[in-house]
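The next block holds one structure in the form of structure tokens; read it before the comments.
The values are calculated or read from the model by the stated rules, or taken from the named source; none is laboratory data. The model shown is predicted, which means the values in this text are computed figures rather than measured ones. All Cβ positions, even for glycine, are placed from backbone atoms using ideal geometry, and neighbour counts span all protein chains on display. We work out accessible area using only protein heavy atoms, side chains counted, and drop any ligands, DNA or RNA first. Shrake-Rupley method; radii C 1.70, N 1.55, O 1.52, S 1.80 Å.
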Amino acid sequence: MHDKHRHVREIIGKAKHIAVLTGAGISAESGVPTFRSEDGLWKNFSASELATPEAFIENPRRVWQWYGWRRGEMLKAEPNSGHLALVELEKRAKAFHLITQNIDNLHRRAGNANIIEIHGNAFRNRCTSCRYLFSDDTCDFEKPEPLPVCPECGSPARVDVVWFGEPLPQRELETSLDVAAHCDVFLSIGTSANVYPAAHFPIMAKKQGAILIEINLEQTELTWQADFSFLGKAGEILPKLIGL
Ligand code: BJW
Ligand code: ZN
């Protein structure tokens, strides 16, 4: 094992409070497309064109079809060795928080408990009128049937995720800021770190004295600020850093 891997393994082993931020890259090895890669495109639309309240107002069926396609991809996927390494890390850590931008449920299915879903969950719907929340894993929105409606009031429902220009859920945001302020090790894994406010969390943690570790296939905006950067697949690097 490289010295850098061993050194970071020791840092992680001695940490009092570990915070982790994950992005689409951690689920890529499970076959879930990331946002800003070619396979993340759906019918030539990019995420920035579809993950907006304006796109939903303009064409709700198109946005539902996109989530239907993505729900299908997410349901086909199984947690990978990166997800499983984080389950083991949670078991071993004194204090542990997993902040995820992913809506795919794979951290929960892997077995993590302390998960903060800052961009929501693809398998939960929210009423656009009364905000009632209900689970749903329907995938097929191609048919001309009515789109999901609220079981309480009958108004149109949407997926309970955070689109561009929308605020993050208050409690999840506050917890994430608190975690970033108090952790001593912060791991940023498989995120391009260019969507805010999530991209601020690692920088905040570093400013407040945490050791910042990044794992990504390629360099990001965050890399130059990281104390340790590992270029490669999360599913290969994470198990080594945790000692599996
Ligand atoms: C691997 C790998 C492997 C691949 N191993 N690595 C400050 C500055 C500038 C702009 C803003 C700012 N503050 C706010 C903004 C605006 C905006 C924003 O950030 N825009 C930027 C694009 C510039 N932010 C917002 O609008 C946010 N809201 C907000 O700020 O509200 C303020 C407000 C307050 C009060 C009232 C009203 C408003 C909301 C952002 C919501 C983002 N939503 C989405 C969709 C969620 C639902 C869904 O999934 O459908 O979240 S967009 C999309 O991007 C999704 C993701 O969670 C998010 C991040 O993407 P992620 O995970 O990083 O994926 P990728 O694809 O970008 O990167 C994958 C990475 O993995 C790559 O780096 C690969 O190399 C790597 N990789 N395989 C390791 N095996
Ligand atoms: Zn309702």
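Compute, for THR223, the solvent-accessible surface of its heavy atoms (probe 1.4 Å) with the complete set of protein chains present, and express it in square angstrom to the nearest 10.
We get 20 Å² for THR223.
Rounding to the nearest 20 debye, state how big the charge dipole of region 31-79 is about its Cα centre with +1 on each Lys and Arg Cβ and -1 on each Asp and Glu Cβ.
160 debye
Run the dipole for the chain about the Cα centre, Lys and Arg Cβ at +1, Asp and Glu Cβ at -1, nothing else charged, and hand back the magnitude in debye, nearest 20.
Using only the charged Cβ atoms, the result is roughly 580 debye.
Just need the Rg to Rh number for region 133-207, please, alpha carbons only, Kirkwood Rh.
With Rg and the Kirkwood Rh in hand, the quotient comes to 1.13.
Expressed as an acute angle from 0 to 90° and rounded to the nearest 10, what is the orientation of the C-alpha long axis of helix 81-92 relative to the principal long axis of the chain?
Tilt relative to the chain: about 60 degrees.
Once each part is reduced to its C-alpha centroid, what is the distance from region 129-143 to region 35-95 in angstrom?
Here the two parts' Cα centres lie 16 Å apart.
Can you spot the lysines whose alpha carbon is less than 21 Å from LYS43's alpha carbon? Ignore those fewer than 8 places along the same chain.
Within reach: LYS76, LYS143.
State, as an integer percentage, the relative contact order of region 92-244 based on alpha-carbon contacts under 8 Å between residues 6 or more apart.
About 15 percent, as a whole number.
Using alpha carbons only, how many degrees (0 to 90, rounded to 10) separate the axis of helix 60-76 from the longest principal axis of the chain?
It works out to around 50 degrees.
So between ARG9 and CYS139, what do we pick up on full extension, going 0.36 nm a residue minus the alpha carbon distance?
Contour length minus the Cα-Cα distance gives 42.7 nm.
Cα-Cα pairs above 27 Å in region 107-231: how many percent?
For region 107-231, the fraction of Cα-Cα distances above 27 Å is 33 percent.
Excluding the sites themselves, what is the longest stretch of the chain that contains no GluC sites (Glu not before Pro) in a DSSP loop with at most 16 other C-beta atoms within 10 Å?
1-141
Among the trypsin sites (Lys or Arg not before Pro) within region 53-109, which fall in a DSSP loop and have no more than 16 other Cβ atoms within 10 Å of their own Cβ?
LYS94
Please state the shape class of the chain: rounded when a/c is under 1.5, otherwise prolate if a/b exceeds b/c and oblate if not, all from the C-alpha gyration tensor.
Prolate is the answer for the chain, as a/c is 1.5 or above and a/b outweighs b/c.
Compute the long axis of helix 3-14 from its Cα atoms, compare it with the longest principal axis of the Cα atoms of the chain, and write down the angle in degrees, 0 to 90, nearest 10.
The helix 3-14 is inclined about 80 degrees to the chain.
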